[in-house]
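In what follows, a structure is listed as structure tokens, so that the remarks can point back to it.
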Amino acid sequence: MKSSMSQPALNSLPQQRNAEIPFATYKRRQSAFARYRLYPLTAFYTLYAILVLIIAFSTTHPWTTVAFFSVGCVTWTLVEYLFHRYVLHGRFPPGKGLIRRFLHERLDPLHWDHHMRPFDGRHISGELKDILPLFFVAAPVSFLFPVYTAPAVLAGVVQSYVAEEWLHYALHFSNSKLPLFRRVKKYHLYHHSPRGIDKGYGITTRFWDGVFDTRFPQSIRRSLSKN
């Protein structure tokens, strides 16, 4: 269902729910705002990935392209885990100096506000500008190599980033009845609970939680796997 909310209306949404606003209304508005934030990011990185793949598949190395693109997708799951655990769940206390001030002002609010207000559309996903500086360095460097290698890896990384952001959006706002989705949603929402906040960092996969021993206890996993 398309939202009838205008851009000014979206940008003026309160960060916290007003007591007079029903929760269903608040959640619907925040869902629309979160989607609005995701559109530029999705369009930019998806277009980049498509263009790279079109060029790469036009060479005589289509299967090499598939292999390197897949490597990029897997690489993103590790980056996602490490970033979620050590950056988003890190603490950057205020202090003197430009770097410490930047880390405290830019990184601390990224995720802790999301845990405090899990349906606040401003903290559900990133924005296009967040990793754009890094992308503008990585993309030209990748083209120092054949298009079906490093550029294909980067295409897999950024496309997986887009997919992860939409998955995270869905985990907070979708009520899909698919059994797999419901299990993933319960796993993520348990991470939002006080007992699960220091474990379960994986969103797209639990694999790295197993590798780095941050899985929920077996009894919890068994309970969350039930339909």
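Descriptive notes on the structure:
- Hits in segment 211-227 - residues which are over 21 Å from the mean Cα position of the chain (by Cα) and open to solvent by 80 Å² or more (accessible area, probe 1.4 Å): ASP213, GLN218, ARG222, LYS226, ASN227
- Contact map, segment 57-76: residues that are under 11 Å from ALA155 (Cβ atoms) paired with residues that are open to solvent by 70 Å² or more (accessible area, probe 1.4 Å), Cβ distance under 7 Å, separation 6+ or inter-chain. Pairs shown: THR65/PHE57.
- Test: residue in segment 139-154 that is at pLDDT below 95 and more than 15 Å from the chain's Cα centre (by Cα): no
- Among the candidates ALA56, ALA49, the residue that is modelled with pLDDT of 95 or more and within 25 Å of PHE173 (Cβ to Cβ) is uniquely ALA49.
- If you go through segment 31-64 and keep only what is β-branched (Val, Ile, Thr), closer than 18 Å to PRO140 by Cα and buried (at least 17 other Cβ atoms within 10 Å of the Cβ), you end up with just VAL52.
- Taking the criterion of being in a helix (DSSP H, G or I), open to solvent by 40 Å² or more (accessible area, probe 1.4 Å) and of a type in the set (A, V, I, L, M, F, W, C), the residues of segment 131-183 that qualify are ILE131, LEU134, PHE136, VAL137, VAL141, ALA163, TRP166, LEU167, LEU180.
- Residue that is nearest to the chain's Cα centre (by Cα), among those in segment 192-210 that are without any contact (Cβ under 8 Å) to a residue 24 or more places away in the chain and open to solvent by less than 60 Å² (accessible area, probe 1.4 Å): GLY200
- Filter pass, SER193 being in a loop (DSSP other than H, G, I, E, B) and among the hydroxyl-bearing types (Ser, Thr, Tyr): yes
The values are calculated or read from the model by the stated rules, or taken from the named source; none is laboratory data. Please read all numbers here as calculations on a predicted model, not as lab measurements. For neighbour counting, all protein chains shown are included, and Cβ atoms are generated from backbone atoms with ideal geometry for every residue, glycine included. These area figures cover heavy atoms from the full protein model, side chains too; ligands, DNA and RNA do not enter into them. Shrake-Rupley method; radii C 1.70, N 1.55, O 1.52, S 1.80 Å.
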